[in-house]
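Okay, so here's the structure we're looking at.
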Amino acid sequence: MARIDVTGLTAHGCRDLLAGGDASAVELTRAYLDRIAAVDGSVQAYLTVDEEGALSAAAAVDAKPRRERLPWEGVPIALKDILCVKGMETTCASRILKGYVPPYDATVIAKLRAAGLVFLGKLNMDEFAMGSSTENSAFQTTRNPWDLDRVPGGSSGGSAACVAAAEAPWALGSDTGGSIRQPASLCGVVGLKPTYGAVSRYGLVAFASSLDQIGPLTHDVRDAAALLDLIAGRDPRDSTSTGLRGPAGVPARAGLEGLRFGVIKEYLGDACEQGVLEVFESAVKTVGALGGVCDEVSLPSVERGVAAYYLIAPSEASSNLARYDGVRYGYRHAPSEDLYDMYVRTRSEGFGAEVKRRIMIGTYALSAGYYDAYYAQAQRTRTLIIQDFTAAFQRFDYLISPTSPTVAFKLGERIADPLAMYLSDLCTIPVNLAALPAVSIPAGFAAGLPVGLQIIGPHFSEPGMLDAAYALERRLKVDTVAPLAAGPGVSSAEGER
Amino acid sequence: MSAGPADPGRARGAGVGGGAGRDGWEAVIGLEIHVQLSTRTKMFCGCEVTFGEPPNTHVCPVCLGHPGVLPVTNEKAVEYATRIALALDCRIAKRTIFHRKNYFYPDLPKAYQISQYDLPLGVGGHLDVERDDGSILRVGITRVHLEEDAGKLVHAGGASGRIDGADYSLVDFNRGGTPLVEIVSEPDISTPDEARACVMQLRNLVEQLGVSDVNMEEGSLRCDANVSVRRPGDPFGTKTELKNMNSFRFLQRGLEAEIERQIAALESGERIVQETVHFDPATGTVSTLRSKEEAHDYRYFPEPDLPPIELADAFVERVRASLPELPAARKERLMAQYGLSSKEAGLLAANKPLGDYFEGLAAAAGDVRTSANWVLGDFSAHLNAAGLEVAQSPVTVDRLAELLGLVSRGTLSGKMAKEVFEAMAGTGKPAGEIVAEKGLGQISDAGELEAIVVRLVAANPGPAEEFRRGRERVLGFFVGQVMKETRGQANPQLVNELLRRHLGGPGG
C-alpha cells in the first residue's frame, strides 16, 4: 500500500480512497495522525488528539464489508472544542472546564457518529468562542499555517488552521459573529455559517444563543455542502432549529448567468486593507466574467452591527456562562470561606480576561435601569439590520464582501486592543444578527497571505449560495493547502512507519 | 391597585381579624402561590417528576445545566397552566414568552430560572372567596405564569440551618426543573383569615382541575405573602415578603406574627424595610435575613433558546371545554337541582370528592334530604375524626346507600342506623353484616310477632280481661312484655296492631 499523502486531500478525496479500496480507514486515520504528529508542534491546532478512539473507530469501519458502509463511513474529521462529545474532554479552551467530560453527544456529533465518521480530536479556539485570533485560549497559541508568526483568526482558529495544515480533511467550527468565516479567510480555507436554525445547537456550548451556529471548515465548497447535509436538520432537542428546506447536494454550477450580486458599499471603507480590496475587486471581476451581474448596494445599518453585537452577545453570554459556578463540574476554588467566596474565586480564577470583560459588559447591559438603553436598543438596531438585508435581497440574489477587512495579523498585535480586535468581524457580524447564511471562500492572496470572499444569501438559500460559490471557486483556483514543512521540535513519526 | 369602595373587605374597617390586629390599623395582603404541576415529566426535559425518591436519581444533562444543553417546553405543562388561568377567569395571552431570571444559588443549576416576565400566560383574573361569615371576597388575580422549580438543598452542620455557617451543603436536583405555575394576587386581602380562606379556595379549585397534588406539606402548593399595614385611608405602607409557610395554620400564624411585628415597629416610630421575612413554625415568630444575597437584580431578558408560544384560540377553547364543573357553578347547580341551602351547597362544592359522594348517594338512595344530612353530618364527622379523605373511607357510596335503604324499609330505626354507621366506619364491614351480627334488625315479621303476642295474651288472662273491660293502660304492659321477649327489636307499630287484634278491644 502506497503511503497516503494527505496534503491537499479533501473529504471527497478521502471517500474516494476508501471506496476504491486504495486505503483502509485505519491507514487513512493513521496518515492524519502522522501528519498531526509532524506539524501540530508548530501549528498547535489540537487540544486533544484521540488516537486510540480514532483508530478503533476506523478499525470498526474496516471490519464492515464495503458495500454495507455508509457514504462517509471511515472519513476522519476534527472538532472545535466547543462541541460536546460523550466521553471526550470538552473545555471550550477554558480553565473553568478543564477536565470536563460531557455525559452526552451534541446532536451534530450523534449525526456524524451515525454516519460513521472518525473523530481525530478537539481543536483549539478562543475561550468560549470569544475572540478573533484564538489567542484567548487558556491553553495554547495556534499559529497560522501560512505564516507561523501570525494568528489563524478566531474563534474557530484551531479548525481553520487544522484544515489549512492538512491535519484533518475537514473540521467543524461554530460562528457567533464570524468565528467560522474570519479564520477560514485568514487561513485560506472554505468556511460556511448556515442559516440560524439550519443546524441543531444542542451540545454546542452556548456563547450567544440567538447568534451561535455550527458549520463546516473545508478545503472546497463541495466538501462544505456535504458536511452541511450531514449535520443539518430540525432537532426536537433544539426548539430554535428548523433544518434546511432541501439538501445542499453536490454543487455543480459552471457559470453565474442570471444571478445578481450586491457589493456591500459599507464594507469597502477605510477599515479595509488595500491588499484585501485588490483581491476583492479582482473577484468581483471574476463574477462578471462568469456571467453574474454586480452592482453596489448600501446597507446603512450594518455600520452599527459591531456595536449592537457587543451588547447582545455579551448579554446572552453573561447568562449562559453563569452556570460555571464550581458546584457541579469543572474548576472549583477550594477550600472556600463561604458560598460567595467560592463563586468569586472560582470564576475569577477559571475565566480569562476577555471572557470576564464580556460577562461584565453583558451583566451591565441587562441591569435594571440600563436594559432599555443598551440591550433593548441593540435589539432595535438588530431589527433595522434585518430590514436592510431584506430590502437588499429584493434587488439581489446574493451579497458579496471581503470576509475580513485584513489578512492574518501578527501574534500579539491586537491582544491589548480589544476594539481593534472586535473590528476583525466588521463584515461578518451583521450576518449573524440577521440569522443569514454566508460562506467564505479563498479569493487570492495579499502579500502571500490568504484573502477570503464572503457570499451572503437569504435565509435557507444554502443550496443556491453554495452552487454560486462553487462556480466562483472553480474559476478562482486558489490553493488551500499551506506550504507547511514539518516544524522544529516536532517528533515526526513518519519515518518509523 | 386599591380595592374599590364597594369591596366588602375594606368596608369592615379597622379590624385586622384573626386576632392579629390592633385598632386603628389595617393590613394589606397579596399572595404569591406556587403550584407544582403533576405532569409526567419536567418542564424542559424528559425526566420524570417524582417525590421522595433517592437524591439525584431523576436528573439528566438538561436539568443539571450541563454545558451545551437546551430546554424544550413541556406542552402538557402549558395546557395545565392554561387550565388554571382559565379557571381563575384570566385573559389568556395569544403570544407568551419565557424570560431568564438570573441569580446564583447552588440549587439553580443554570444560575438562571426560566420563568415569565412581562408577557405571562394569563392576566386579569379573579377568585371569589367565601369568608367564615358566608360573605364573599373577590380577590383579583394579577397574573398566572409558568416556570421551573429549583433543586433542594440540605445543609449539614452549623446552627443556622442556612448555607452560611453550614459545614457543607448537599444538592438534590430531582425536583429541579419541575413545572411550576405561579399565581399572583392583587393586594385585596385584609386579614390572615381571608388569606387562609383564599389559599384553601385556590387549593380546592386547582385540585378539581386535576393538574396538581396541591399538598402544602409536600410542597406541591407553596405560598408567600406580601404584607404591609397602614392606617385606614392612608396609601399602602412598605411591604415585606413573608416566606416559608408550609401549612394553612402556619400561613395564618405567620401573617398574624408579621402584621403584629409591623404594627409594633411603626408604633414605636421605626420604619419598615422592604425585605424577605421568614416564618419559623417552631417558635411561631418571624425573622429577617438581611444577607448580602438580598440585593437582587435578576436581569430578566427574553429566553433566546425558546421561541414564543402562540396560544391559538382553538387550543384555548379546547382547554376551556375540557374544564370540569368549577366550584362556583357547582354550588349554583346543587342549590337548584337538589334544593340545598347555600351553606350546604357551598360545602359540597368546595370539596369535589365530597360533592361527588353526595351526588352519588342521592342517586343511589333516592332521598336527597336524608343523603345531604348524612354526608354533611355523620359522614363528614367520621372523616374529620379519622383524618381521612373521602376516597380513603371504608364507607363507600354504595354501602351508605345500603344503610339508608335499611332505614327507609323500616328494618332499622334512625337511632340504630347511627350505631350501625359507627360500626361500618370502624370495621369496614357492610351494613347488612353488622345488623346480622348484632341482631339489630327490627322484627317486622308479622307471623313471628303474632306467635309471641298470642302466647303472651294466653299466659296473662288477668290483664287481658282488664283491657277488654276498657283499661287502655294495660296495653302498655303487653307492649313491654313483647319488647322484653324481642330485646326491643319488635316494630312497635306492628306490635300495637297485633295486640289490639288478639286482646279484642273494649266493645270489639
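The values are calculated or read from the model by the stated rules, or taken from the named source; none is laboratory data. Because the structure is predicted, anything quoted here is derived from the model rather than measured. All Cβ positions, glycine included, derive from the backbone under ideal geometry; neighbour counts span all protein chains shown. What goes into the accessible areas is simple: the full protein's heavy atoms, side chains included, and nothing from ligands, DNA or RNA. Shrake-Rupley method; radii C 1.70, N 1.55, O 1.52, S 1.80 Å.
Looking only at residues in the stretch A:15-73 that are among the basic types (Lys, Arg) and touching a helix residue (DSSP H, G or I) at 6+ places or on another chain (Cβ under 9 Å), which one is most open to solvent (accessible area, probe 1.4 Å)?
So the residue we want is A:Arg66.
Going by what's in this entry, would A:Glu167 be described as among the charged types (D, E, K, R), more than 21 Å from B:Val69 (Cα to Cα) and open to solvent by less than 20 Å² (accessible area, probe 1.4 Å)?
Criteria met by A:Glu167.
With respect to A:Ala78, determine if the residue is at pLDDT 95 or above, assigned by TED's automatic domain parsing to the domain that holds A:Ala161 and open to solvent by 10 Å² or more (accessible area, probe 1.4 Å).
no
Wholly within the stretch B:25-143, which strands (runs of 3 or more DSSP E) include no fewer than the required count, namely at least 1 residues that are within 24 Å of B:Ala195 (Cα to Cα) and not hydrophobic (A, V, I, L, M, F, W, C)?
Hits in the stretch B:25-143: B:26-36, B:122-130.
Tell me which of these A:Lys111 doesn't satisfy, since it passes every other one: (1) more than 20 Å from the chain's Cα centre (by Cα); (2) away from chain B (no Cβ under 13 Å).
The one condition A:Lys111 does not meet is (1).
List, please: which pairs have Cβ atoms under 7 Å, are six or more places apart or on different chains, and start with a residue in the stretch B:81-108 that is under 17 Å from B:Ile33 (Cβ atoms) and open to solvent by less than 30 Å² (accessible area, probe 1.4 Å) and end with one that is of a type in the set (Lys, Arg) and not in a loop (DSSP other than H, G, I, E, B)?
Sorted first by the residue in the stretch B:81-108, then by its partner, the pairs are B:Leu86/B:Arg320.
How many residues, within the stretch B:202-255, are open to solvent by 10 Å² or more (accessible area, probe 1.4 Å) and more than 22 Å from the chain's Cα centre (by Cα)?
Number of matching residues: 12.
Could you run through the stretch B:109-136 and say how many residues are more than 14 Å from chain A (Cβ to nearest Cβ), in contact with an Asp or Glu (Cβ under 6 Å, 6 or more places away or on another chain) and crowded, with 20+ Cβ neighbours inside 10 Å?
1
Please state which one of A:Ser440, A:Ser401 is at negative phi, in contact with a Cys (Cβ under 8 Å, 6 or more places away or on another chain), in the same structural domain as A:Ile180 (by TED's automatic domain parsing) and among the hydroxyl-bearing types (Ser, Thr, Tyr).
Result of the check over A:Ser440, A:Ser401: A:Ser401.
Could you please find all residues in the stretch B:408-447 being open to solvent by 20 Å² or more (accessible area, probe 1.4 Å), touching a residue at least 12 places away in the same chain (Cβ under 8 Å), closer than 16 Å to B:Ser371 by Cβ and of a type outside the set (D, E, K, R)?
B:Ser408
Among the residues of the stretch B:144-165, is there at least one that is of a type outside the set (Val, Ile, Thr), more than 14 Å from chain A (Cβ to nearest Cβ), open to solvent by less than 30 Å² (accessible area, probe 1.4 Å) and in a loop (DSSP other than H, G, I, E, B)?
yes
Select from the stretch A:221-237 the residues that are farther than 16 Å from A:Leu172 by Cβ and either open to solvent by 40 Å² or more (accessible area, probe 1.4 Å) or out of contact with any Pro (no Cβ under 8 Å at 6 or more places or on another chain) (or both) and list them in ascending order.
Across the stretch A:221-237, the qualifying residues are A:Arg222, A:Arg234, A:Pro236, A:Arg237.
Where in the stretch A:273-386 are there helices (runs of 4 or more DSSP H), lying wholly inside it, with at least 1 residues that are of a type outside the set (A, V, I, L, M), within 11 Å of another protein chain (Cβ to nearest Cβ) and out of contact with any His (no Cβ under 7 Å at 6 or more places or on another chain)? Write out each step before concluding.
Numbers: elements: A:274-289, A:305-320, A:339-350, A:353-366.
Where helices (runs of 4 or more DSSP H) fall fully within the stretch A:273-386 and carry at least 1 residues being of a type outside the set (A, V, I, L, M), within 11 Å of another protein chain (Cβ to nearest Cβ) and out of contact with any His (no Cβ under 7 Å at 6 or more places or on another chain), they are A:305-320, A:339-350, A:353-366.
Looking at A:Arg414, A:Arg347, A:Arg380, A:Arg358, which one is basic (Lys, Arg) and open to solvent by less than 30 Å² (accessible area, probe 1.4 Å)?
Every option except A:Arg358 fails the conditions.
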